[in-house]
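The values are calculated or read from the model by the stated rules, or taken from the named source; none is laboratory data. The structure presented is a predicted model; accordingly, all values stated were derived computationally and were not measured. Every residue, glycine among them, receives a Cβ derived from its backbone with ideal geometry; neighbour counts consider all protein chains shown. These accessible areas exclude ligands, DNA and RNA; they are computed on the full protein's heavy atoms, side chains included. Shrake-Rupley method; radii C 1.70, N 1.55, O 1.52, S 1.80 Å.
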Amino acid sequence: MPLAFTDCEAYSLKGSNSFMEVATIQRQYDDVIASQYDLDPQSITSNSLDIAISHMIAEGLLSNILPAMRILDVGMGTGMFLEKLRHCSSRPIEPYGIDISARMVEIAQRKLPDLIAAVDDGANIDRHFCDGTFHLASTHFVTGFVPISHLAPRIFRKLEDGGYWSFVGGTSLGYAELQRRANHPVIRMLFGGRSPDLQGMICPDGEESVKSVIQEAGFDIVDSQTHQPELKFSGFDEFMEYAYHGGWLTPFIEQIGLQNAKRWQQTVLNKLVFPVVDHHNIVLVLARKRGPAHPLPC
């Protein structure tokens, strides 16, 4: 993530091809985020995944009359989604996944011993798992790093005809209040005239934009919604737990060096910036690849 970027897609494509930037992402997840990711401050990840699974249940994808579901989780992190899905599903799950962080893959494999996993940038998914297609592919909170326009055709090729894509991702409409306060002149003064550009990562633009890309790639929309969970930060420490150690805004915090804030700087921030009440903006889509679906068994 070096991080003076203003265009999400431009960054993501550079991030997929630049060793230095990929190495930065890996370090952040391995050293900062992985050990605390499952704490999920404010339960944003867990609640979003529960909504995504509810869409699958409504579609009948987890029925025990169906054969084992071969699933590919791109950017699987610590395996939170795959673990949740296995607990919720009456249908057997055959889990596959890819993540840029070896540490997060290690945690995921402890939860799911039968997980077949690759350590790589999610943008390179077409280089892995080439021995067959999947019933379901999931991309959850990865489109800040890999643009949906890059993912969509690759997900399409990984799925069987009639297979499903579960998309969950933040949009540029999230963190409006944090973005406003990040540009406060005192914050710029405290951190050498720098302020993070949150729009560099939080994309795409909203639900209709996501649906348009997915449909153009050859999918029909089964279900979609926008989730806008409230975020409350009473002070600097609570914000850092969520934004830095929780992984939501790690690159932007490192961009201005906020993780190294001295105690007096934290005191100033607690007086001028916090408390903060804000909202995330998360799009959830379940889509089906156009083509013949496998019939249900009698």
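Just a few scattered comments:
- Full extension of the chain between residue 35 and residue 237 yields a length gain of 71.0 nm, computed as 0.36 nm times the residue separation minus the alpha carbon distance.
- HN-Hα J in Hz across region 276-289 - Karplus 6.51, -1.76, 1.60, θ = phi - 60°, x for Gly and Pro: 10, 10, 9, 9, 8, 9, 10, 9, 10, 9, 10, 10, 10, 5
- The alpha-carbon of residue 262 sits under 19 angstrom from the alpha-carbons of these aspartates and glutamates, leaving out residues fewer than 8 places away in its chain: 237, 238, 241, 254.
- Reach of residue 84 by Cα under 16 Å, taken over aspartates and glutamates that are not fewer than 8 positions away in the same chain: 38, 40, 50, 73, 94, 114
- Of all accessible heavy-atom area on the chain, the percent that carbon and sulfur account for (1.4 Å): 53
- Per-residue SASA entry for residue 160, accessible area with 1.4 Å probe, Å² rounded to 10: 30
- Label zone (residue 58, point 7 Å along Cα-to-C-beta; backbone nitrogen cut-off 17 Å) within region 117-151: none.
- Taking all protein chains into account, the per residue accessible area for the chain stands at 42 Å² (1.4 Å probe).
- Cβ-derived FRET efficiency at R0 35 Å, residue 23 paired with residue 205, nearest 0.05: 0.75
- Phi angles across region 217-226 convert, under the Karplus curve 6.51 cos²θ - 1.76 cosθ + 1.60 with θ = phi - 60°, into 3J(HN,Hα) values of 7, x, 10, 9, 7, 8, 7, 7, 7, 10 Hz, Gly and Pro given as x.
- Estimated distance in nm for a label pair at residue 180 and residue 118, the labels positioned 7 Å out from Cα along Cα-to-Cβ: 4.4
- Scaled radius of gyration (Cα, divided by 2.2 N^0.38 Å) that region 214-298 gives: 1.75
- Cα pair count fraction exceeding 31 Å, expressed as % - the chain: 27
- Label positions at residue 230 and residue 94, each projected 7 Å from the Cα along the C-beta direction, are separated by 4.5 nm.
- With a threshold of 23 Å on the Cα-Cα distance, the over-threshold entries among 111/232; 232/271; 158/211 are 111/232.
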